[in-house]
Amino acid sequence: MTTLEETADRQSLWDNTADVLKRRVEIARWVTFAFSILGALLSAIASQLNDPPRIYFAIAGAVLLGVVGFVASRGPQTTNWLRARTASEALKREAYKYATSVTPYDDPLKRDAALNMERDRIERDVDDLLASAVSSAKAGSAPRDKLSRDEYLAGRVREQIDRYYLPTANANKKIAVRLRWVESSLAMAAAIITGNVAVVGKELFGIQFDFVALTAVLTTVGTAVVAHIEASRCEFLVMTYRATARRLSAEMANTGDVNALLAEQWSEFVNRCEAIISDENTSWAAKWTKT
């Protein structure tokens with residue numbers, strides 16, 4: 001097995017591990033979102049009932065809110081996902097530099113040793129995650145063979161722009177817009193109920209119910225929606241993905257015909273593109289870990 005193939009295999013391992021950990025984080029986030037809403041609603045209903053139904057609703061609401069507290073405390077899952085993803089992206093970045101024979105992998109006599117050393121350095125930072133590592137039959141997205149200049153542009157730069165950054169930005173924009181509509185609707189409903197004193201004590205399905213009690217629930221739900229938007233970082237991802245796509249496009253436009261570049265200029269171009277992609281990875285990781 002070549003040095004590049006070994007790096008590609010290790011990148012595939014950490015890529016798949018990051019995907020598994022991300023799914024766990026997303027499940028936990030949605031559980032927190034849904035249970036916090038349902039728990040608050042059950043608690044509000046309990047306040048309007050008499051025993052024994054009141055006790056059942058109160059217990060159910062408390063249990064759901066307790067589950068929310070437990071799930072929300074699982075912070076290391078997010079950190080581990082980000083660390084696995086960072087390792088995967090770092091290995092991919094070095095693999096592309098090696099495959100295109102740019103600095104620091106432009107010396108045929110030293111390039112294997114340099115890549116082995118860099119791979120070891122990257123993976124040392126995630127040694128403690130090896131017990132959670134999940135292998136996959138997929139080949140991964142890192143190159144396994146030498147790449148021409150045109151192959152690098154098509155398979156790395158244009159691939160990132162056309163098949164990842166722009167589509168993902170558009171998808172996150174749609175999610176953010178929908179959640180903002182939900183947030184606005186709930187805030188309006190809470191305001192209407194609070195201002196309409198006529199609904200106080202109105203009977204619903206034979207039960208005397210104080211609808212003002214729902215104001216707290218709607219406010220809680222609205223707050224949960226806002227928190228969910230922040231947790232998913234939808235709006236931030238729209239901005240950073242589109243900005244990164246623009247920077248990569250500008251880099252290609254400013255460079256022109258890559259086949260006309262000298263070896264040193266080609267090396268500088270690849271390293272600039274990889275730095276742009278690395279900056280994007282760093283920015284969203286920092287956003288996720290921000291408290």
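Does the stretch 25-52 hold any residues that are closer than 30 Å to residue 143 by Cβ and surrounded by fewer than 16 Cβ atoms within 10 Å (Cβ to Cβ), and which are they?
First pass over the stretch 25-52, keeping only residues closer than 30 Å to residue 143 by Cβ: 25-26.
Answer for the stretch 25-52, where residues must be closer than 30 Å to residue 143 by Cβ and surrounded by fewer than 16 Cβ atoms within 10 Å (Cβ to Cβ): just 26.
With the condition kept exactly as written, say whether any residue in the stretch 125-135 is in contact with a helix residue (DSSP H, G or I) (Cβ under 7 Å, 6 or more places away or on another chain) and at pLDDT below 70.
Step one: of the stretch 125-135, the residues in contact with a helix residue (DSSP H, G or I) (Cβ under 7 Å, 6 or more places away or on another chain) are 125-126, 129, 132-135.
Those left that are additionally at pLDDT below 70: none.
No: the stretch 125-135 contains no residue that is in contact with a helix residue (DSSP H, G or I) (Cβ under 7 Å, 6 or more places away or on another chain) and at pLDDT below 70.
Between residues in the stretch 99-127 that are closer than 16 Å to residue 85 by Cα and residues that are of a type in the set (Ser, Thr, Tyr) and crowded, with 16+ Cβ neighbours inside 10 Å, which pairs lie under 6 Å by C-beta distance while being six or more apart or on different chains?
119/7
Under 6 Å by Cβ, and 6 or more places apart or on different chains, what pairs join a residue from the stretch 18-37 that is under 24 Å from residue 86 (Cα atoms) with one that is exposed (fewer than 15 other Cβ atoms within 10 Å of the Cβ) and at pLDDT 75 or above?
That search, which allows pairs on different chains as well, returns 20/134.
Only one residue in 230, 274 is charged (D, E, K, R) and at pLDDT below 95, so which one is that? Reasoning before the result, please.
On the way: 274 fails: at pLDDT below 95.
Being charged (D, E, K, R) and at pLDDT below 95 holds for just one of 230, 274, which is 230.
Among the numbered conditions (1) touching a helix residue (DSSP H, G or I) at 6+ places or on another chain (Cβ under 6 Å); (2) within 11 Å of residue 11 (Cα to Cα); (3) in a helix (DSSP H, G or I), tell me where residue 115 comes up short.
Result: residue 115 passes all but (2).
Looking at residue 260, is it more than 16 Å from residue 157 (Cβ to Cβ), at pLDDT below 95 and out of contact with any Phe, Trp or Tyr (no Cβ under 8 Å at 6 or more places or on another chain)?
Numbers: more than 16 Å from residue 157 (Cβ to Cβ): yes; at pLDDT below 95: no; out of contact with any Phe, Trp or Tyr (no Cβ under 8 Å at 6 or more places or on another chain): yes.
Here the answer is no, as residue 260 does not meet what is asked.
Mind counting the residues in the stretch 98-111 that are surrounded by fewer than 24 Cβ atoms within 10 Å (Cβ to Cβ) and part of a helix (DSSP H, G or I)?
1
The values are calculated or read from the model by the stated rules, or taken from the named source; none is laboratory data. In this text the structure is predicted, and so the values were computed from the model without any measurement. Every residue, glycine among them, receives a Cβ derived from its backbone with ideal geometry; neighbour counts consider all protein chains shown.
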